[in-house]
Structures are given as structure tokens and as C-alpha cells.
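Here, each number is a calculation from the coordinates, and none is a lab measurement. Bear in mind that the values here come from a model prediction, so they are computed numbers and not experimental data. Please note: Cβ atoms are built from the backbone with ideal geometry, for glycine as well, and neighbour counts cover all protein chains shown.
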Amino acid sequence: GGQSTQMIVGATPSSDALILRTATHLYDQHKLRRVYYTAFSPIPDADPRLPLQAPPLIREHRLYQADWLIRFYGFDAKEITPDDAPNLDLEKDPKLAWALRNRHAFPVDVNRATKAQLLRVPGFGVRNVERIMNLRRHKRITSEDLLKLRVSLRRAQYFIVTADSHSKAM
């Protein structure tokens with residue numbers, strides 16, 4: 001059970017920051033189970049105050065990605081859409097965009113980092129972070145171990161240090 005709601009994206013000039021902060025409020029204060037995002041689709045002979053063009057569909061996708069980061073990765077809406085960047089980058093996923101804005105937080109040593117730090121590494125998902133946390137109790141994690149876990153090393157390599165690597169930091 002639980003309640004959900006839907007937000008139409010692009011029908012008003014609302015920024016992604018406002019949309020995500022509203023969604024966070026709905027999750028926190030009203031215990032909504034899910035917020036769905038749908039791109040506005042113009043219709044003929046609509047109210048003239050409505051836009052004539054639909055927003056790019058990638059914006060809807062980026063909002064879903066950002067919502068996921070808030071609900072499952074411990075991000076705050078203000079981190080994902082800071083005051084100087086109120087709209088999500090349509091070229092980069094929100095986690096990568098955050099990591100590039102916060103380069104001081106990297107590289108992360110996969111053998112020492114907290115769960116919260118690992119969850120912020122691009123290419124690391126919730127399940128793989130759990131696997132990393134479990135595996136490192138038994139051994140020092142190498143790049144090969146991450147490959148066996150099916151971690152996206154292509155994305156993560158610039159943000160991590162493993163037992164067999166020297167800093168690959170940016």
C-alpha cells in the first residue's frame with residue numbers, strides 16, 4: 001500500500017530544484033511511497049499560458065534518477081540541485097554531475113570508505129556497495145574483485161582507489 005502522486009514536468013517554469021524539494025517534502029512529511037514524473041505534452045487549443053513545446057524527455061529521466069538518489073542513496077535535493085545549478089544536467093546523470101562538482105570527496109578507498117561514501121561513487125549501486133562492504137571483511141578489494149562483482153569500472157575508476165591501484169584520481 002501507500003500513496004503516490006504524479007508531477008507534470010515542463011508545464012510551468014519550475015526548476016528541477018523546486019520539483020525535487022517538493023518531492024522530498026512529500027516523502028518526508030506525507031510519507032508518500034512514490035512520486036512519478038511525466039513530461040508535459042502540449043495539446044491543440046490549450047490554455048495559452050501553457051507552453052507550446054514539450055520539455056526534452058531526458059529531463060523526466062534525470063528527475064527519476066535524482067529521485068532514486070534521494071530515496072536510496074542518502075542524497076539531499078540541495079546537493080543534487082544546488083543554488084548555482086537549479087536544473088539537472090541533461091548530459092550527465094545526477095550522481096556523476098554531483099561527483100564532478102565535489103571532486104574534493106574523491107578518490108574513495110574502497111577498502112576503507114564508509115557505506116555513505118561508497119554510495120556516492122559513480123558506477124556503484126546499492127547492491128554492489130553491500131557486496132563490497134561484505135567482501136572487504138575477508139580480503140582487500142582489488143580492481144579484479146570489482147569486475148567480478150560487475151561494478152561499472154569504466155565509470156568508477158576515476159573516483160576510487162583499490163588495493164592494487166595507485167590513485168586514479170582526477
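Just a few scattered comments:
- Peptides 14-21, 35-42 ordered by packing proxy, namely the average of other Cβ atoms within 10 Å per residue, highest first: 14-21, 35-42.
- Within a Gaussian network of the chain (alpha carbon springs, distance under 10 Å), most fluctuating of I160, I43, I141: I43
- FRET efficiency estimate (nearest 0.05) - Cβ-Cβ, A105 to L32, R0 41 angstrom: 0.85
- Taken as Cα centroids, region 5-77 and region 125-153 sit 33 Å apart, rounded to the nearest whole angstrom.
- Extension gain, L90-W68: 0.36 nm per intervening residue step, less the Cα-Cα distance, totals 6.3 nm.
- Springs join every pair of Cα atoms under 10 Å in this Gaussian network model of the chain, and among D45, D67, D83 the largest mean-square fluctuation is at D45.
- Estimated 222 nm signal from helices in the chain, with DSSP H stretches of n ≥ 4 weighted -39500 (n - 2.57), rounded to 500: -11000 deg cm²/dmol
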